[in-house]
Amino acid sequence: MENQRSGFTFKRFHVFDDRCAMKVGTDAVLLGAWAPVVDASSLLDIGTGCGILSLMLAQRGAYQIDAIDMDAGAVAQAEENAAASPWAEKIRCMHSSLQDFQGGPYDLLVSNPPYFNPGQTLKTPERQTARHCGELSHGQLLRDAARLSHRGSRLALILPSDAAQRLIEAAPETGWVLSDCCDVLPKPDRPANRQLLCFQRTPSESVRRSEITVRQADGQYSPEFIELCRDFYLLM
């Protein structure tokens, strides 16, 4: 009997993630539903994994998406998932690190980037690569994103709150300015443990701040989470 493959079914597409170190999770769904796609005709998905961000943003109307990953297995999986989706012609998957990638400039760059500290050990080399800050420092991510951008570009990310603050502090010296920050609370009685961030290349008079609570006290998804993700999750 063939082993059952791991994956996740959304309203308009399915993603397999059995060849990816990092599986489909709430972080990616939040970023895919939140990132600003209006007026973004060209998009770069940095560290695409199984391709979930590319698929969500294609569903939301992004015109042309380049998806890159340094893991060949993840790229093959993203290609498989894109080919089986309604947006195969919109998504191009490439095996490349961000540092070596040549392309753009892009209107929107998105990433669910690595965030474990360099001293932390994970179970597999692939998972270590996918989530280890040593492979792609956040400063390097900002610099390379700037290299692949233009004056009107935006960069959207999701990070744990402590890492997000370090990234915000490093952004100005790489040419990025914070424009939007959304605190993500797991439950009403718990502090934010993630932040959705959007940067732009031009000066911003003020930062638009918001928050979203993922689950209510009873464990059910909150109304604001449902509103944000209803176009993707089944049974919402």
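If Val75 meets every condition in (1) part of a loop (DSSP other than H, G, I, E, B); (2) surrounded by 21 or more Cβ atoms within 10 Å (Cβ to Cβ) apart from one, which number is that one? Of (1) part of a loop (DSSP other than H, G, I, E, B); (2) surrounded by 21 or more Cβ atoms within 10 Å (Cβ to Cβ), only one is false for Val75: (1). Among the conditions (1) touching a helix residue (DSSP H, G or I) at 6+ places or on another chain (Cβ under 7 Å); (2) of a type outside the set (S, T, N, Q); (3) in a loop (DSSP other than H, G, I, E, B), the only one that Leu43 does not satisfy is (3).
Residues in the range 24-40 that are touching a helix residue (DSSP H, G or I) at 6+ places or on another chain (Cβ under 7 Å) and part of a loop (DSSP other than H, G, I, E, B): Val24, Ala35, Val37.
This table checks each residue for (1) closer than 24 Å to Asp66 by Cα; (2) basic (Lys, Arg); (3) modelled with pLDDT under 95.
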position: Arg154; (1), (2), (3): yes, yes, no
position: Val177; (1), (2), (3): yes, no, no
position: Phe199; (1), (2), (3): yes, no, no
position: Arg209; (1), (2), (3): no, yes, no
position: Ile226; (1), (2), (3): no, no, no
position: Cys229; (1), (2), (3): yes, no, no
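Can you name the number of the only condition in (1) in a loop (DSSP other than H, G, I, E, B); (2) surrounded by fewer than 24 Cβ atoms within 10 Å (Cβ to Cβ); (3) at pLDDT below 95 that Cys20 fails? Among (1) in a loop (DSSP other than H, G, I, E, B); (2) surrounded by fewer than 24 Cβ atoms within 10 Å (Cβ to Cβ); (3) at pLDDT below 95, the lone unmet condition for Cys20 is (2).
The criterion of at least 2 residues that are among the β-branched types (Val, Ile, Thr) is met by the following strands (runs of 3 or more DSSP E) wholly inside the range 133-236: 177-185, 208-213. Cβ separations smaller than 9 Å between residues 6+ apart or across chains give the following pairs from the range 36-52 residues that are within 14 Å of Leu109 (Cβ to Cβ) to residues that are polar (S, T, N, Q) and assigned to a loop (DSSP other than H, G, I, E, B): Ile46/Asn112; Gly47/Asn112.
For the range 78-96, taking the residues that are among the charged types (D, E, K, R), under 20 Å from Ser42 (Cβ atoms) and not in a strand (DSSP E or B), the one that is farthest from the chain's Cα centre (by Cα) is identified as Glu89.
In the range 14-27, the condition of being more than 25 Å from Cys182 (Cα to Cα) and of a type in the set (Phe, Trp, Tyr) is met by at least one residue. Residue check: Ile168 meets all listed conditions (1) closer than 21 Å to Gly32 by Cβ; (2) crowded, with 17+ Cβ neighbours inside 10 Å but one, namely (1).
Lys11: surrounded by fewer than 18 Cβ atoms within 10 Å (Cβ to Cβ), touching a Leu at 6+ places or on another chain (Cβ under 8 Å) and not in a helix (DSSP H, G or I), yes or no? Judged against the criteria, Lys11 is a match. One residue stands out in the range 154-180 among those that are under 10 Å from Arg194 (Cα atoms) and not β-branched (Val, Ile, Thr): the one that is farthest from the chain's Cα centre (by Cα), namely Asp162. Each residue in the range 78-101 was checked for being in contact with a Gly (Cβ under 9 Å, 6 or more places away or on another chain), of a type outside the set (S, T, N, Q) and either closer than 23 Å to Pro36 by Cβ or buried (at least 21 other Cβ atoms within 10 Å of the Cβ) (or both), and 5 pass. For the range 54-63, a residue qualifies if it is modelled with pLDDT of 95 or more and either of a type in the set (A, V, I, L, M, F, W, C) or over 21 Å from Leu30 (Cα atoms) (or both), and the qualifying residues are Leu55, Met56, Leu57, Ala58.
The values are calculated or read from the model by the stated rules, or taken from the named source; none is laboratory data. Remember, it's a predicted structure, so these values are computed and weren't measured experimentally. Don't worry about glycine lacking a Cβ; one is built from the backbone with ideal geometry, like all the others, and counts go over all protein chains shown.
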